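Throughout, read-outs are computed from the coordinates displayed, never taken from laboratory work. Computed from a predicted model, the values in this text were never measured in an experiment. Backbone-built Cβ (ideal geometry, glycine too); neighbour counts: all protein chains shown.
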Amino acid sequence: YIHCHTPATDASSMVKAVLDGLFDYFQGMTLPAQVRISMACCLNMCGAVHCSDIALLGYHRKPPIIDNEVLDQYCEIPLVIAACPTAAISPAKTEEGKKTVKIKNERCMF
């Protein structure tokens, strides 16, 4: 089992939006042939979008925004720091002394 640590987009919301728009075509079998739709969350294309008729590709456009209120509830801070390939994420503390991270925008590859 391989798990990607750097997804660029939330695939489930994007896939749901696309399939909501195409549902009638699949329900009524009105397309002239089978259609293959794939979603990849980054440029590595592990979603096999290169083999599909319709390919959706997510990509980072801006550095991540940090929500200090919930960061430590959703992830382990050392893993967040270690996952960055350019060392743009470093440890920090809030004014209240709570552990968080900071982004060095000039080092961020997105």
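Could you run the Karplus curve 6.51 cos²θ - 1.76 cosθ + 1.60 with θ = phi - 60° over the stretch 82-93 and give me ³J(HN,Hα) per residue in whole Hz, x for Gly and Pro?
With the stated coefficients, the stretch 82-93 comes to 5, 6, 7, x, 10, 6, 7, 10, 9, x, 7, 10 Hz.
Cα gyration tensor of the stretch 62-110, axes a ≥ b ≥ c as square roots of the eigenvalues: rounded (a/c below 1.5), prolate (a/b > b/c) or oblate?
Verdict is prolate for the stretch 62-110.
Suppose the chain between Ile65 and Lys99 were pulled fully straight at 0.36 nm per residue; how much longer would it get relative to their current alpha carbon spacing?
Length difference between fully extended and current span is 10.7 nm.
Can you give the charge dipole size of the stretch 62-110 about its Cα centre, rounded to the nearest 20 debye, using +1 on the beta carbon of Lys and Arg and -1 on the beta carbon of Asp and Glu?
About 240 debye.
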